[in-house]
Each structure stands twice: as structure tokens, then as C-alpha cells.
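Read through the structure below, which is laid out as C-alpha cells, and then see the notes.
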Amino acid sequence: MTTREPSGGHAGERPGGTAGERPAGPRPRLVDVAREAGLSKTSVSAALNGTGRLSPEVREKAIETARRMGYRPNAAARQLRAGRARLIGYVVGEFAGEPWAYLDSPYFARLTSVTASAALRHGYALVMLPAGTLQREWAELPLDAVIVADPVEDDPLVEDFLAARIPVFSDASVAGRPGAHWVDLDVEAAVRESLDHLRAGGARRTAVVLPDSTTRFHREVLAAYRAWCAEHGVGELVTLVPEPGNGPVVRAVERALTTEPRPDGLFVVAEASPPLVMDAARRLGLSVPGELRVVCVSEDDSAAHADPPVSTLSLRPADVAEEGITLLVTALEGGGSTPPGVLLTARLQVRASSGHESGPPGRVG
């Protein structure tokens, strides 16, 4: 059965100036930094680029002098020498109609922030592209690669970037495409682990609340759920959520819990605040985990503080981001063979809502 909802410290001082004020005049050059530090231009250049055989003291002196003087390398010259602009585009395909809305999601907020910081550690800057971006909006940007998080089925963004010969990093939906690499989760294993866990806690009719989405992740969740139901001889109880957000998901949860036959297990894949899911069950007079056992796909820290604490399936956005950037940099700079993709394992955090007071620590794949 499938149901749908109706649609201050001081930086320094200079003579005659105030604290924190930088000297007036032209921007400092490499030769100026070298003169101030009492080093050669070659030594300063090597220190700032992380190359050369310099003592730690010399390297630190050059870097600190450059920082204090406000020296910035000529970006255009560095790009010409390296053959790269060190810019990575970033876009979330699932939110094509709602640019930037993904930052309200705990999962995508974590994925985005860790991706940006990991890229910066490797010397790359992240360029945030609106999900509904057109080719004319990015065609002139010197992008070395683009990360397309959660692309929809036959995503035109993926096609456009690959056609422009820009390497694409995404999920396993791009596997086998020339110029594409991926990091993904073992979705079938994650779904089976969650459903088996609910069944072990006593649930015999588990409903799933799922976004009405064509991303690979959500299509594979639905396929795995249906296969699991067939293997266990139980009916499917699927409620699709037409749009993201706590309101639509909570309404879908209420709809799922009032559908006959009434479920005694609930697997909420659509992202929502776990305490709000518990509130929805209480409004319907259901005790958790007495009459209903619950697992939510969530990165929301509030799950541990809900009443009762909610069992969660983590999609490990921080690990996905770290693995993705490592794979990206290896492909761009390694010069050798690069694995086409990396498959991770989701992490089930067991809490009281699923009928188990405690459980083993989450697995790391």
C-alpha cells in the first residue's frame, strides 16, 4: 500500500597609526616579504608553497612574516604554473527547485561544512552553486571539478558538467561514466539492518515514510524495503512525502500511523526532527516503544534527547565528505590510477524507541 500526502584582539600597530590598522600603499610583494624576513625570494616562495628543503624555523619565519605583512600570492600566476584554479563546484541535485534549502537539513548542513573544510585543507576552495543553476551561470568559472550531492535520476547537471569535461564526484549513480567518481552507502544493507532490528524488537508491520524523490538513495531504499517485505511475507506500508521539511514529514508520519492495518513499526527515512516524530505518535495515543517501535534516518542530535530517545540510522555525512574529497584530490593530482568509487556502511545507533534499551556501538564501514 502506498499513500501520498496531498500535495577582538589587536592585529598589530604601525608608527603613527592605530592598533589593527594596516600600512597604506601598494600590496606587499614577495621581494618585500623576503627583505623583511632577511631571506631570499626563493626561500620565501618555497616556504609559502610548502616545497624546498628549509628548516622548520626558516619556514615558520617566512610564513609568519608574510601573514603579518598581509602578503597574498598572485592567484593568476599560481594557476598558470599549476594548471589548476583550485576551485571545486558544489551543488545538491535533490533541491533543484529550492536553492539553498538543503542548508536547513542536518544531513546536508554537515555534509556541506565538512566538504568545505576538507577541501580547504587540501588547498581547494568550495564554490557553492545554486541547485537550479544553469550552464551560463558556471561556464565561465575555472572549476577543477564539481561535487553533485544526491543527484536526481538523469540529472541534467551531471550531464552538463561531464559534457564540459569537468570531473564530477557524486554517488554511485555516476558509476562507470568517464570523468566521474563516487562515494556512496550500501543502501540495501542499511535498510535490512534497520528493518531486522525493528522486527527483533517486536515489530511485525513496519511502515516506511519516504521522500517522493528520484535520487538513487531513495529509489534503493524503496526497492530494499519491498524486497524485505516480500521475503518476510508482510504487506507494504509506504507513505511518500511530497516536499522536505518538518511539517510535511510529520503530517506523513501521522498519515502512516492511521493507515489500516495500523503499523507497529515505523522507519522514517524522510528527514525530520526526531522529537517531533515522537510527538506525532503521542498525539495519536500510541506509546513508544510499547505499541510502536521507531527508527529515523537522521543526523539530528536531538534524537538522543527525545522522549524516549530515538534510534537513528546515520548516513555518515562527515565520512562521506572526507572520503569524497580524498578521492577527488587523488584523481586531480595523483597522476595514477584512482579507485572509481568508495562504498561505506551506514551506522545504526540503537536507543529506546526501537524496543531496545541499549545496543552495540554503531558500525563503521
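The values are calculated or read from the model by the stated rules, or taken from the named source; none is laboratory data. In this text the structure is predicted, and so the values were computed from the model without any measurement. When we count neighbours, we look across all protein chains shown, and the Cβ atoms used for this are built from the backbone with ideal geometry, even at glycine.
Taking Ser173 as the residue in question, decide whether it is outside any strand (DSSP E or B), small (Gly, Ala, Ser) and closer than 27 Å to Glu140 by Cα. Before you say what the answer is, go through the steps one by one.
Details: outside any strand (DSSP E or B): yes; small (Gly, Ala, Ser): yes; closer than 27 Å to Glu140 by Cα: yes.
For Ser173, the condition - outside any strand (DSSP E or B), small (Gly, Ala, Ser) and closer than 27 Å to Glu140 by Cα - is met.
If you check Ser117 against the conditions, is it polar (S, T, N, Q) and either closer than 18 Å to Val329 by Cβ or at pLDDT below 85 (or both)?
Details: polar (S, T, N, Q): yes; either closer than 18 Å to Val329 by Cβ or at pLDDT below 85 (or both): yes.
It is true that Ser117 is polar (S, T, N, Q) and either closer than 18 Å to Val329 by Cβ or at pLDDT below 85 (or both).
Going through (1) modelled with pLDDT under 80; (2) surrounded by 16 or more Cβ atoms within 10 Å (Cβ to Cβ); (3) over 30 Å from Phe217 (Cβ atoms) one by one, Ser43 falls short only on (1).
Among Val249, Val221, which is surrounded by fewer than 24 Cβ atoms within 10 Å (Cβ to Cβ), in a helix (DSSP H, G or I), under 25 Å from the mean Cα position of the chain (by Cα) and among the β-branched types (Val, Ile, Thr)?
On the way: Val249 fails: surrounded by fewer than 24 Cβ atoms within 10 Å (Cβ to Cβ).
Val221 is the lone residue from the list that is surrounded by fewer than 24 Cβ atoms within 10 Å (Cβ to Cβ), in a helix (DSSP H, G or I), under 25 Å from the mean Cα position of the chain (by Cα) and among the β-branched types (Val, Ile, Thr).
Selection of segment 327-354 for residues being surrounded by fewer than 17 Cβ atoms within 10 Å (Cβ to Cβ) and assigned to a loop (DSSP other than H, G, I, E, B) yields Gly334, Gly335, Gly336, Ser337, Thr338, Pro339, Pro340, Thr345.
Determine whether Leu240 is touching a Lys or Arg at 6+ places or on another chain (Cβ under 6 Å) and under 29 Å from Phe108 (Cα atoms).
Working: touching a Lys or Arg at 6+ places or on another chain (Cβ under 6 Å): yes; under 29 Å from Phe108 (Cα atoms): yes.
Yes; evaluated as a whole, the condition is true for this residue.
Residues that are small (Gly, Ala, Ser) and surrounded by 15 or more Cβ atoms within 10 Å (Cβ to Cβ): does segment 176-187 have at least one? Within segment 176-187 (the criterion being small (Gly, Ala, Ser) and surrounded by 15 or more Cβ atoms within 10 Å (Cβ to Cβ)), the answer is yes, since at least one residue qualifies.
Pairs linking a residue in segment 86-114 that is small (Gly, Ala, Ser) to a residue that is modelled with pLDDT under 85 and surrounded by fewer than 18 Cβ atoms within 10 Å (Cβ to Cβ), with Cβ atoms under 6 Å and 6 or more positions apart or on different chains, are Ala96/Gly132; Ala109/Leu103. Scanning segment 281-326 for residues that are in a helix (DSSP H, G or I), in contact with a Pro (Cβ under 7 Å, 6 or more places away or on another chain) and crowded, with 16+ Cβ neighbours inside 10 Å yields a total of 1. Among residues belonging to segment 131-158 that are outside any loop (DSSP other than H, G, I, E, B) and not hydrophobic (A, V, I, L, M, F, W, C), point out the one that is surrounded by the fewest Cβ atoms within 10 Å (Cβ to Cβ). Per the criteria, the residue is Arg136. With respect to Ala190, determine if the residue is farther than 19 Å from Ser311 by Cα, aliphatic (A, V, I, L, M) and modelled with pLDDT of 95 or more. In short, no.
Count, please, the residues in segment 119-130 that happen to be assigned to a loop (DSSP other than H, G, I, E, B) and more than 30 Å from Pro211 (Cα to Cα). So that I can check it myself, show each step before the final result.
Quick first cut of segment 119-130, residues assigned to a loop (DSSP other than H, G, I, E, B) only: 122-124, 129-130.
Checking which are more than 30 Å from Pro211 (Cα to Cα) leaves us with 122-124.
Counting residues in segment 119-130 that are assigned to a loop (DSSP other than H, G, I, E, B) and more than 30 Å from Pro211 (Cα to Cα) gives 3.
Pairs needed: first member in segment 237-251, over 17 Å from Leu103 (Cα atoms); second member anywhere, part of a helix (DSSP H, G or I); C-beta distance under 6 Å; at least 6 residues apart or different chains. The qualifying pairs are Thr239/Ala252; Thr239/Arg255; Thr239/Ala256; Val241/Pro248; Val241/Val249; Val241/Ala252; Val250/Leu276; Val250/Ala280.
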